[in-house]
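Below you'll find the structure, written out as structure tokens, and then a few comments.
The values are calculated or read from the model by the stated rules, or taken from the named source; none is laboratory data. A quick note: this is a predicted structure, and the numbers were derived from the prediction, not measured. As a convention, Cβ positions derive from the backbone with ideal geometry for all residues, glycine included, and neighbour counts pool all protein chains shown. Protein only, heavy atoms only, side chains kept; ligands, DNA and RNA dropped before computing areas. Shrake-Rupley method; radii C 1.70, N 1.55, O 1.52, S 1.80 Å.
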2 protein chains.
Amino acid sequence: MDQLPSMRLTTQRQIILEELAKVTSHPTANEVYDMVRKRLPRIGLGTVYRNLELMADSGVILKLEVGGTQKRFDATVYPHYHIRCSQCGKVDDINIPVQPNINDAAAVASSYEVIGHHIEFTGVCSDCQLHLKDPSLN
Amino acid sequence: MDQLPSMRLTTQRQIILEELAKVTSHPTANEVYDMVRKRLPRIGLGTVYRNLELMADSGVILKLEVGGTQKRFDATVYPHYHIRCSQCGKVDDINIPVQPNINDAAAVASSYEVIGHHIEFTGVCSDCQLHLKDPSLN
DNA sequence: TGGCAAATGATAAATCTTATTAGTTGGCAT
DNA sequence: ATGCCAACTAATAAGATTTATCATTTGCCA
């Protein structure tokens, strides 16, 4: 059997995970960096990227490759879907039942070995709905 | 009524669209650039980016913000889903029926004004399945 | 055909992510 | 407890992707 490389419990890694778990938003690497820097001012951005990537690979967190230019991260590993605001780019969880059977449909419809799926809704968040109705708020 | 800004039919724009329509893959901006350069060697990469963005905004083509680091483009505007190979990053269409009612479910489950959704499957394409079974092919 | 807004090509700059490297540290074996 | 060493970090550079700038060119309407 392959042995997974050991993953040490460094201060940086713990705090990155703690800060990510604190929020229900889906922060980008840079946003996590800002959050963590309040507790570890000398941490490097590369460390944040490296650890988010490592934790995503090991399944401790989720890496969301959603619309927009940046990757986002989520401490909620439980399967769920997301909705992204087309105006401000914010990403929220959306609590509708996971569709387990569409993976099978996809397997039938393609030559791929299907691993999973993700649904990303697009919409306008309540904040941006207000701002669109009353542009003076901007 | 708002008047849409006029969009001229330039040679570059036509050829970008023609080349994109030729393929069923979902090329990145750089891949489109390579395709177009065979016919217009002096075209600039910025022109390709600008036109893909403009055509996506006007609905002539689709901009896919799927997993991976780069945006991809698709001349098929008809609603459909995609599957992405986790090994090589390739994106293919997947022909399963569009789920029209889940937008409503999402609207109920959130405070967003829901515009639409996209399903992205993840899997291993047939080429990469072979390469995983027989690594000497790599 | 002339005028002009829109578009182009060339280039620079911005943004996001990954790689490199010398020094540091967590955790295991003594 | 202490020393060792692979894993890790911070700092920095580099790479990759995308957007902005601007002088020049071009499509299109009058």
* Go through the residues of segment B:19-34 one by one and say whether even a single one is under 23 Å from A:Val91 (Cα atoms) and either touching a helix residue (DSSP H, G or I) at 6+ places or on another chain (Cβ under 7 Å) or not assigned by TED's automatic domain parsing to the domain that holds B:Leu132 (or both). => no
* Asked: Where in segment A:1-81 are there helices (runs of 4 or more DSSP H), lying wholly inside it, with at least 1 residues that are within 9 Å of DNA strand C (Cβ to nearest atom) and either among the acidic types (Asp, Glu) or closer than 19 Å to B:Ser86 by Cα (or both)?
  -> A:45-57
* Structure fact -> If we keep only residues of segment B:95-107 that are more than 16 Å from A:Gln129 (Cβ to Cβ) and not in a loop (DSSP other than H, G, I, E, B), then the residue farthest from the other protein chains (Cβ to nearest Cβ) is B:Asp104
* Test: residue in segment B:48-63 that is among the aliphatic types (A, V, I, L, M), surrounded by fewer than 13 Cβ atoms within 10 Å (Cβ to Cβ) and either within 27 Å of A:Asn103 (Cβ to Cβ) or within 11 Å of chain A (Cβ to nearest Cβ) (or both) -> no
* Residue tally, condition away from DNA strand D (no atom under 11 Å from the Cβ), at pLDDT 95 or above and of a type in the set (Asp, Glu), over segment A:1-55 -> 4
* Of the residues that sit in segment B:82-94 and are assigned to a loop (DSSP other than H, G, I, E, B) and open to solvent by 40 Å² or more (accessible area, probe 1.4 Å), which one is nearest to the other protein chains (Cβ to nearest Cβ)? -> B:Ser86
